[in-house]
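Single-structure report; data block below.
The values are calculated or read from the model by the stated rules, or taken from the named source; none is laboratory data. The model shown is predicted, which means the values in this text are computed figures rather than measured ones. In this analysis, Cβ positions are derived from the backbone assuming ideal geometry, glycine residues included, and neighbour counts consider all displayed protein chains.
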Amino acid sequence: MMPFKRFSRRQFGRIAGWSALGMSALSSGSGLAQSDADSGPRNRATPSGFPDGFLWGTATSAYQVEGAVNEEGRGPSIWDRFAHTPGTISDHSNGDIATDHYHLYKEDIQLMKSLGTKAYRFSIAWPRVFPEGAGSANPKGLDFYNRLVDELLANGIQPFATLYHWDLPQALQDRFGGWTSRDTSKAFADYAAHVTGRLSDRVKHFFTINECSRLVHHGHEFGADAPGLKLSPSDVKQVRHNVALGHGLAVQAIRANGRAGIRVGPAENAVSCIPAIETPANIRAAEIATRELNAGYLTVMLEGKYTEAYLAQDAPKFTAEDLRIISSPIDFVGLNVYMPDHYVVAADNERGFTLAPFPKSFPHMKATWLRPGPETMYWVPRHVAKLWNVKSIYITENGTSSSDQPAADGTIYDVDRIMYLRNYLTQLQRATSEGVPVLGYFLWSLMDNFEWSDGYEQRFGLYHVDFETRRRTPKLSAAFYRETIARNAVA
Ligand code: NOJ
């Protein structure tokens, strides 16, 4: 843990520029059919600002922040098992305590409030609700989310709940082989039905699965995330199909059990394809690439079919009914946007595009995988809106880690994070001002947390967390975000 000089609220307010604003830093059949009923911003943004009513929020996930892994009847998840397996986490840590959000949620909601956010995206831990994954529910598990939701609403913050952010009950991994079996897809729908039946009187927005793509590849192909499997290419495609099926079954279960007016969609880290140069030919090529490279995720969810190229190799086993379920109508698409996956150039080849290799000199943020490419924040929602006629989009995650060293005066001047956010938000503003229907933005993350196999070494928070004392302290980026929200324009 790095040494950290504490400073008073007044000092921080001065440093961060909040006093000048008179604010205290700490005071406080085809998936194409969409309901389009969100009451979000519809008017275009002003030349420099975001649309009126644009929803600003922050995001976290259960295993990364909650801790309390053995409390009130929670069962073990595949991440408990994985993190406790030697050699899996770079700093040998785990999420046993994490940020202790389970006990400190009220304090954390005050942090959200002090930023001026009006929405919070969190995830529900399936093994809290069903310790064995299925069968008997544990009412105490859901009680935590009842308390959380009530406290959010009492503070004027809308809850956006993700049903699955990778913490599969270990019992389902043991019993069915987890997502290698469609029994897990069905169990997911039962859990989704149970939760929506009990929370949808207050929670109006549900995300089914967070980043199908990462849970499939890192968890089942590279072995870098739980459950740590390294499957064959055809088995990986089957897992991907089962996950997509789980999404579709959950959409149906949520509709059948939720109150009227409930909205549902995925939160996907779409493979991002950026025109290398913004010519009409390259833009078209980037659209084609987006559709092909997301064939197992957004394309099948929104079109109800796999592309020919996708089925040409290692095709999964599926039925026509599966495709109908996977493409059950959704109300919005959630997009986690971090970096350009590919710069695309139009090509006179069978695919119609070339993916430009990244030169070794391409820059990265603190995490070496995180290549900054702010225009990703423009192109991903634009492609999704155009390709599939999507009418409502949320940016469900965006952010970066930073080395976050406190300066001599004790402040964390995380200006690399501010640089990153400013550039991405400028591109988001470009998108909304052109009418791309993005209704809100959730910054990842409210606070430093357990960054999966990177343990606590990659800090993504606007708030620094001292993992010994659990004390939260705002970084300079918290002031940047607060100012952006207050102006409804990039600060
Ligand atoms: C996306 C994941 O949803 C989240 O859990 C993770 O912490 C961030 N990316 C940063 O890597």
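Summary table below
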| item | result |
| --- | --- |
| Residue in segment 417-436 that is in a strand (DSSP E or B), away from the ligand (no atom under 15 Å from the Cβ) and under 16 Å from residue 488 (Cβ atoms) present | no |
| Residues located in segment 453-473, provided they are more than 12 Å from the ligand (Cβ to nearest atom), within 15 Å of residue 64 (Cβ to Cβ) and not in a loop (DSSP other than H, G, I, E, B) | 463, 465, 472 |
| Exclusive hit being part of a helix (DSSP H, G or I), of a type in the set (A, V, I, L, M) and within 17 Å of residue 204 (Cβ to Cβ), set 148, 142 | 148 |
| Segment 197-223 residues that are farther than 30 Å from residue 139 by Cβ, paired with ones that are modelled with pLDDT of 95 or more and acidic (Asp, Glu) (beta carbon under 6 Å, 6 or more apart) | 218/225 |
| Residue in segment 305-312 that is among the hydrophobic types (A, V, I, L, M, F, W, C), at pLDDT 95 or above and surrounded by 19 or more Cβ atoms within 10 Å (Cβ to Cβ) present | no |
| Of residues in segment 350-397 being touching a Lys or Arg at 6+ places or on another chain (Cβ under 7 Å) and under 21 Å from residue 280 (Cβ atoms), the one farthest from the ligand (Cβ to nearest atom) | 387 |
| Residues satisfying the stated conditions in segment 385-408, i.e. more than 22 Å from residue 61 (Cβ to Cβ) and β-branched (Val, Ile, Thr) | 390 |
| Residues being among the aliphatic types (A, V, I, L, M), part of a loop (DSSP other than H, G, I, E, B) and more than 18 Å from residue 89 (Cβ to Cβ) - total across segment 219-236 | 1 |
| Selection count, segment 151-167, where residues are more than 18 Å from residue 231 (Cα to Cα) and outside any strand (DSSP E or B) | 9 |
| Scan of segment 57-83 for residues that are among the aliphatic types (A, V, I, L, M) and part of a loop (DSSP other than H, G, I, E, B), ordered by number | 68, 69 |
